[in-house]
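To start, the structure under review is shown below, and the notes come after it.
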């Protein structure tokens, strides 16, 4: 039985990898434990706190994997995908929390979506995936480190057809167990500057010597329902 479970886990991980990666080149977070010097001469850094939770199926908490950003206000937009990495804080059956740091050239951008998964050992041998439709814009100035806010995304039971599904239909059993096909994300974006900067500073002491600006995300509400 254990061999079968391991085999299923590997298949699920491969499927998730194909779903999440596609042909996109992924960038790493600007801040990690190995970074010893911050360079904002060419590209600035945006700081974002993220909490994901599943109130609908508490045993299947969502693990964020990647965040997709695209240029805003241009005729032909460009997309960038960043690996989010492991949560810096997690509480079983409650939430996962992340400190996201995005290095990018000055300009106007939109956080398009956050995509992630529930690994097999979190869903009793099955796997699931989800998408958080953020659709929030921000502007980043040259040579700066800027805090752009906190996102809290909570999966709950979907009530009507106008609400975006948290995840696709397939794999059918997996998505049903995780509650993503029949669920939807409630998304809250707000300013938590004082507390979040403390969290970033404790996790990455390197930024304590830097000035951190504050310019919050602005959400596009017109993109948040099904056609």
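Points to keep in mind about this one:
- Test result for residue 168, part of a loop (DSSP other than H, G, I, E, B) and either touching a strand residue (DSSP E or B) at 6+ places or on another chain (Cβ under 8 Å) or under 20 Å from residue 112 (Cβ atoms) (or both): yes
- Scanning the stretch 177-191 for residues that are surrounded by fewer than 17 Cβ atoms within 10 Å (Cβ to Cβ) and either under 17 Å from residue 57 (Cβ atoms) or touching a residue at least 40 places away in the same chain (Cβ under 8 Å) (or both) gives 186, 190, 191.
- Residue within the stretch 88-103 that is at pLDDT 95 or above, within 26 Å of residue 207 (Cβ to Cβ), exposed (fewer than 14 other Cβ atoms within 10 Å of the Cβ) and out of contact with any helix residue (DSSP H, G or I) (no Cβ under 6 Å at 6 or more places or on another chain) present: yes
- Candidates 174, 196 - the one that is assigned to a helix (DSSP H, G or I), touching a strand residue (DSSP E or B) at 6+ places or on another chain (Cβ under 6 Å), buried (at least 22 other Cβ atoms within 10 Å of the Cβ) and touching a residue at least 60 places away in the same chain (Cβ under 8 Å): 174
- The residues listed here are 219, 150; of these, the one that is modelled with pLDDT under 95, closer than 19 Å to residue 49 by Cβ and under 19 Å from the mean Cα position of the chain (by Cα) is 219.
- The residues listed here are 203, 213, 194, 157; of these, the one that is within 19 Å of residue 56 (Cβ to Cβ) and at pLDDT 95 or above is 157.
- Search result, residues across the stretch 169-182 that are under 17 Å from residue 153 (Cβ atoms) and touching a helix residue (DSSP H, G or I) at 6+ places or on another chain (Cβ under 9 Å): 178, 180, 181, 182
- The sole residue among 81, 25, 71, 36 that is at negative phi and modelled with pLDDT of 95 or more is 81.
- From 37, 61, residue being within 14 Å of the chain's Cα centre (by Cα) and in a loop (DSSP other than H, G, I, E, B): 61
The values are calculated or read from the model by the stated rules, or taken from the named source; none is laboratory data. Note that the structure is predicted; figures quoted are calculated from it, not measured. FYI the Cβ positions are ideal-geometry reconstructions off the backbone, even for glycines, and counts take in every protein chain you see.
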